[in-house]
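The values are calculated or read from the model by the stated rules, or taken from the named source; none is laboratory data. Here the structure is a predicted model, which means the values were calculated and not measured. Because the Cβ atoms are built from the backbone with ideal geometry, glycine has one as well, and the counts that use them run over all protein chains shown.
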Amino acid sequence: MSATILIVDDNEVSLRYLVYSLKAEDIEIFTATNGQQAVDFCKNFDKTIDVVLMDIQMPIMDGYEASKLIREILPEVPIIAQTGYAMISDMENIKASFNDYVSKPIEIDLLNQKLYFYLNK
């Protein structure tokens, strides 16, 4: 499975964990540390982004706003939220704004299952 993934997270430890865990020869990983960087990356990237892993709570621009803007640029790209939110009301907003979500701390096996699903649609 060859893929290009954009990981957006302001927490350096979480970002490194995801990059390390998802690293494979056939996966190209790019990173952004806030929503604005992610939007700018999507505007200027000249190849296909297959999946975006988006943290929700970030400085400058949160994941909700960034996802909305990214969908204007790349309407078909699956966006998976990474969230520590567990409240039912938050989950409804997440389900309405993203294709899917993974709860933090992220279980890599579960994330890999979700990535496999979206990359093989």
**Request:** Those residues that are modelled with pLDDT under 95 and polar (S, T, N, Q), I need them from the stretch 12-52; list them, please.
**Result:** Ser14, Ser21, Thr48
**Request:** Inspect the stretch 28-39 for any residue being buried (at least 16 other Cβ atoms within 10 Å of the Cβ), under 24 Å from Lys121 (Cα atoms) and among the small types (Gly, Ala, Ser) and give the result as yes or no.
**Result:** yes
**Asked** Which members of the stretch 55-66 meet the condition of being buried (at least 24 other Cβ atoms within 10 Å of the Cβ) and out of contact with any Ser or Thr (no Cβ under 6 Å at 6 or more places or on another chain)?
**Response** Asp55, Gly63, Ala66
**Complete:** A careful count of residues in the stretch 23-71 that are among the hydroxyl-bearing types (Ser, Thr, Tyr) and in contact with a strand residue (DSSP E or B) (Cβ under 7 Å, 6 or more places away or on another chain) gives 3
**Item:** Count - residues of the stretch 45-79 that are closer than 17 Å to Phe30 by Cα, among the polar types (S, T, N, Q) and in contact with a helix residue (DSSP H, G or I) (Cβ under 8 Å, 6 or more places away or on another chain)
**Value:** 1
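Count, please, the residues in the stretch 10-39 that happen to be without any contact (Cβ under 8 Å) to a residue 24 or more places away in the chain and either under 16 Å from Val52 (Cβ atoms) or of a type in the set (Gly, Ala, Ser) (or both). Lay out the reasoning, then the answer.
Restricting attention to the stretch 10-39, the residues satisfying the condition of being without any contact (Cβ under 8 Å) to a residue 24 or more places away in the chain are 12-13, 15-16, 19-20, 23-25.
Pick out the ones that are also either under 16 Å from Val52 (Cβ atoms) or of a type in the set (Gly, Ala, Ser) (or both) and you get 15, 19, 24.
So the answer is 3.
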**Message:** Restricting to the stretch 1-50, count the residues that are aromatic (Phe, Trp, Tyr) and in contact with a Leu (Cβ under 6 Å, 6 or more places away or on another chain).
**Reply:** 1
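Restricting to the stretch 53-104, name every residue that is part of a loop (DSSP other than H, G, I, E, B) and modelled with pLDDT under 90. Spell out the reasoning first.
Narrowing the stretch 53-104 to residues part of a loop (DSSP other than H, G, I, E, B): 56-62, 74-78, 84-87, 98-99, 104.
Passing the criteria: Gly84, Tyr85, Ala86, Met87, Lys104.
Among the residues of the stretch 67-86, what is the count of those that are closer than 17 Å to Leu110 by Cβ and surrounded by 16 or more Cβ atoms within 10 Å (Cβ to Cβ)?
So in the stretch 67-86, the residues closer than 17 Å to Leu110 by Cβ come out as 78-86.
Next, from what is left, pick out any that are surrounded by 16 or more Cβ atoms within 10 Å (Cβ to Cβ): 78-83, 85.
Here the count works out to 7.
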